[in-house]
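Before any comments, here is the structure.
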Amino acid sequence: MELAVPSKPQRLGPSHRTLVLRYLRRNKSLAVGLAILMFLILFSVVGSMVVDTGTLAYPLAVAPLQPPGAQYLLGTDKDGRDLLAVMIRGIILTGSIGLMAGTVGITVGVVLGFMAGFFGGLFDTITRWVTEVLLTIPSLILLIIIAGTIVDKNQVTIFTMAGVTSLLAWVGPTRVVRAQVLTMKESTYVSVAKLSGMGSMEIIFKELMPNLLPFLVASFVGQLMGAIYASFGLEILGLGPAREPTLGMTIYWAVFNSAMFNQWWWWILWPIVAMVLIFTSLSLINLGLDEVANPRVRRTE
Amino acid sequence: MKLSYLFRRLVFLVIVIWTAATLLFFIPRLSPVNPIRERFLAIARSTGYLPTDLNTIIASFETKFGLDKPLPQQYVDYMRSVLRGDLGVSLMSYPKTVNQLIGEALPWTLGLLTVTTIITFLVGTAIGALASWPKSPQWVKGMVTPLIVLAAIPPQVLGLLLIYFVAFKLNILPMTGAFDPGDLPNLSITFILDVARHAILPSLTLVLAYIGFWALGMRGMGVTVQGEDYVLFAEHKGLPQNRVFYAYYVRNAILPQVTSLALAFGGIISAGVLVESVFGFPGIGSTLTAAIAANDYFVIYGIGFITILAVGVSMLVVDLIYPLLDPRIRYDRK
């Protein structure tokens, strides 16, 4: 006897895409934030295909201090970098530092936060104590002091930057995840799961994680912003990768060479605009996601 | 009950500050650079004269500053002198003491940051309260989102943007510094006006950078108070709108803002670090970054120490004043 294969249920009403678009029209922050992010990604991806950023974004590639014009669209800096190439490369490098440090921060935060919140005991006490101490030291000051111990600034890479930034990036997520786990642990569905004989790991992965996921996605954007913010804070003090054209280092070199005082405005304006775009887009996405992940804070407007 | 809580809190504060100070003590020592040698090499580079007995000179200075002792011994010595209130001497600006250096820089940072923190708190809280008030016009409600976006942008970027447009393009305000170069700080009217003129851009930067934080916090609290019975009752009693807004709405929503204000005062120095370097402002932040560049251990320790102390004490103060502000909170249990 043949079993009737159940036909795929027909979707009634508007398609998935229309629904997403309709939601974005309502959630304007998310829409605008995503649009700016798309622009930045397109700019850097298409840009790296068209422009040879491997040479042009580094010193002695082109004639120095050319104002923006037909030959050099965004102009060139004092050391002979083409600023268009620098922007393309800089957005990618700065974004990569943020992605790496943000990922480390949230991963370590989830693992530590879960262990501390779920199992409690001595480990919880230690975690709470360490995070408490680290919160008392302003993180940027600690990061500056750590980065200051690296002697040869030429050996600093974007991986060093991501590493230094991650050293403190886990503190916030650990505390927040721990607090979330503590409240979830008391909920009825976890009690039911325990009574029905589920093991700890099963409860963590099958019951707690899925509930925490939207929250984690939303806080990842915050982590990304925090990491870019921190690495920029180091770079503008000259503690960044001296050989790489990240956005922060470009601003540092421009300030170092008194670009504004010398009327080389293009050198400093473009990286500043790029930074403003990055943070605007991420914070709008963050606001928008907050509304998705936490319907209680739906906007009052 | 109350006293035992205070005691426990104080012990915890001391332990946290001590641990943080210990951490700060050892991190700069990871660097292999000898600050005294670097200092002499810099002098040698600029004068073209390198003393032949350089190593003896360096060794004698190390003995003088106690840097020749084993690290644990240095740690104990330093902690002892901190307890006496002596933060040591600067290696770079010797014979200036760290206390002197901090004394010179701190008034600048405190002046700039105290004023801007208060302005930002008042304006931001007002905007946040109005934005969550159901009867406000639409444009007031829409004001918070742009302010939050502004708050996400690093203050250094905002500062450079303002320097670019106001100081460079329009050329109506000075780009950097806290007063005209060549002037010595004094109390004449012209000097004070000059300082005020130089402080406009850094202040504006800080206000723009932090106002969204206060507006967001206050709007969030306002929303929770909105549907409360006492607000509805006050309205239905026919009280004037103004009175409902101030006495019932704002007063009940403002508590967390006040505690955030205490924490913000504790974080003043670290906020200073963010903008001072951009504006060449002679405060604590600039002193710290210069000290880190030169590995001036005792200055790094000193500034780090007072920063931690300020944050830790402000956290304690928040904990202690909260029950006074909000009678619902008591520390009787646990």
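A short reminder: the numbers here are calculations on the coordinates, not readings from a lab. Bear in mind that the values here come from a model prediction, so they are computed numbers and not experimental data. Glycine also receives a Cβ, built like all others from the backbone with ideal geometry; neighbour counts cover every protein chain displayed.
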Two-decimal Rg/Rh of the range A:26-293 from alpha-carbon positions, Kirkwood Rh? 1.07
Compute the acute angle (0 to 90°) between the alpha-carbon long axis of helix A:121-136 and the principal axis of greatest extent of the alpha-carbon atoms of chain A; round to the nearest 10°. 30
In whole percent, what relative contact order does the range B:195-334 give with Cα contacts below 8 Å and a gap of six or more residues? 21
Per-residue HN-Hα couplings for the range B:229-241 [Karplus 6.51, -1.76, 1.60; θ = phi - 60°; Hz; x = Gly/Pro]: 4, 5, 5, 4, 4, 4, 5, 6, 5, x, 5, x, 3
Which lysines have a Cα lying under 29 Å from the Cα of B:K2, excluding residues fewer than 8 positions away in the same chain? B:K334
When only DSSP loop residues count, what chymotrypsin sites (Phe, Trp or Tyr not before Pro) in the range B:1-50 have their Cβ near at most 11 other Cβ atoms within 10 Å? B:Y49
Check which residues have an amide H placed less than 5 Å from A:T76's amide H, if you skip close sequence neighbours. A:L65, A:Q66, A:L83
Mean separation of Cα contacts under 8 Å (at least 6 apart) over the residue count of chain B, i.e. the relative contact order in percent, is 27
Using only Cα atoms and rounding to the nearest 10 degrees, what angle (0 to 90) does helix A:83-114 make with the longest principal axis of chain A? 30
Long-range amide H contacts for B:V89: which residues qualify at under 5 Å (H placed 1.01 Å from N, peptide plane, sequence gap of 5 or more or a different chain)? B:V98
When only DSSP loop residues count, what trypsin sites (Lys or Arg not before Pro) in the range B:70-139 have their Cβ near at most 16 other Cβ atoms within 10 Å? B:R84, B:K96, B:K135
Given charges of +1 on the Cβ of Lys and Arg and -1 on the Cβ of Asp and Glu, with all other atoms neutral, how large is the dipole of the protein assembly as shown about its Cα centre, in debye to the nearest 20? 1700
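With an 8 Å Cα cut-off and a minimum separation of 6 or more residues, compute the relative contact order for chain A in percent.
On the way: 381 pairs, mean separation 76.1, N = 301.
Normalised by residue count, the contact order of chain A is 25 percent.
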Per residue of the range B:206-212, what does 6.51 cos²θ - 1.76 cosθ + 1.60 with θ = phi - 60° give for ³J(HN,Hα)? Whole Hz please, x for Gly and Pro, Karplus curve as stated. 5, 4, 4, 6, 10, 5, x
When N counts the residues of the range A:147-186, how does its alpha-carbon radius of gyration compare numerically with 2.2 N^0.38 Å, as a ratio? 1.81
Per-residue HN-Hα couplings for the range B:45-55 [Karplus 6.51, -1.76, 1.60; θ = phi - 60°; Hz; x = Gly/Pro]: 5, 7, 9, x, 10, 10, x, 6, 9, 3, 5
Relative to the first principal axis of the alpha-carbon coordinates of chain B, what is the inclination of helix B:255-266, with its axis defined by its Cα atoms, in degrees from 0 to 90 and to the nearest 10? 10
Quick one: check the C-alpha center-to-center distance for the range B:74-94 versus the range A:134-209, whole angstrom. 35
Among residues other than A:V32 whose Cβ falls under 13 Å from its Cβ, what is the net charge (Lys/Arg +1, Asp/Glu -1)? +3
Neighbourhood net charge (12 Å Cβ-Cβ; Lys/Arg +1, Asp/Glu -1) for A:E207: +2
